[in-house]
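The values are calculated or read from the model by the stated rules, or taken from the named source; none is laboratory data. Predicted model, so just to flag it, every value in this text is computed and none were measured. Cβ: placed from backbone, ideal geometry, glycine included. Neighbour counts: every protein chain shown.
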Amino acid sequence: MGRDKAALAWRGEPLLSRVIARLSPVADGVWVSTRPGQELPPGPYRRVDDHRPGEGPLAGLAAGLAAIGGSGQVAVAACDYPFADPALFPALRSAAPAAFAVVPVLDGRSHPLMALWRADAADACDRALNRGARRVQHVLDEIGGVEVPAAQLGLEDPERALLNVNDREALALALRLDSSAEDPAL
C-alpha cells in the first residue's frame, strides 16, 4: 500500500477504528499489536508493541498472542479488513473447536490474520521467527492449523467479509462496495 494501513481514511475515520467498531461488540477485549512508536488513533483497545519490530505480521501476531496469554482461542483480525464480520469467529470455532488455529480460505487463499488462534500459539510464532521464517503460513504448518473453506462457514457474504485492502485497487473496490450497500456498522 505504501503507507500505514491502520491510519487509512475510511469515511472520515481510520481503518483501524472501523475494524475495532465492527468487532468489539463481540469481543471480551481488544488488543492492537503494532510497531513501537507507531501512532494509532484513540480507541477502546490495549496497545501491544511488537517485541520484534520490522519482522512483519508474524511478529505482530506473536506479540499479541503473548500479551493475551493463556490457552484460550483469540479472534485475530488485521486492520485491513474493512468488512470484518463478527459472525466469522463463532463459525470458525464451530468448525474446529480444539485446533490451535482455524483459518478461513476463500478462492484458494488462506486468511490467517482474520482467523481464530489459541493464545499459546505465540511460542510457535516465536520459534518460526527465530528460524528466520516471516510467513504466518509457516506457523500454521507447524501447529497443524485447520483451514476451512469460507463457503462452509455460513457467512452472509464471505467475499466481502474476507476482502482485505493490501493495495490501492483493493481499497478502491472496498470503497465502491461500501458506497453501494447499506452497512449497519457505520
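A compact table of results
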item: Test result for residue 71, of a type in the set (Ser, Thr, Tyr) and assigned to a loop (DSSP other than H, G, I, E, B); result: yes
item: Which listed residue is farther than 24 Å from residue 101 by Cβ and part of a helix (DSSP H, G or I), from 127, 176; result: 176
item: Residue satisfying condition, being surrounded by fewer than 15 Cβ atoms within 10 Å (Cβ to Cβ) and not in a loop (DSSP other than H, G, I, E, B), within set 47, 22; result: 47
item: Residue in the stretch 44-53 that is over 30 Å from residue 176 (Cα atoms), touching a residue at least 24 places away in the same chain (Cβ under 8 Å) and over 12 Å from the mean Cα position of the chain (by Cα) present; result: yes
item: Condition met for residue 156 (part of a loop (DSSP other than H, G, I, E, B) and over 15 Å from the mean Cα position of the chain (by Cα)); result: yes
item: Matching residues, the stretch 134-145, being outside any helix (DSSP H, G or I) and either among the hydroxyl-bearing types (Ser, Thr, Tyr) or surrounded by fewer than 18 Cβ atoms within 10 Å (Cβ to Cβ) (or both); result: 134, 135, 144
item: Any hit, the stretch 56-64, residues being surrounded by fewer than 17 Cβ atoms within 10 Å (Cβ to Cβ), touching a Lys or Arg at 6+ places or on another chain (Cβ under 7 Å) and either in a loop (DSSP other than H, G, I, E, B) or modelled with pLDDT under 95 (or both); result: yes
item: Which listed residue, of 90, 104, is out of contact with any Cys (no Cβ under 6 Å at 6 or more places or on another chain) and either part of a loop (DSSP other than H, G, I, E, B) or surrounded by 18 or more Cβ atoms within 10 Å (Cβ to Cβ) (or both); result: 104
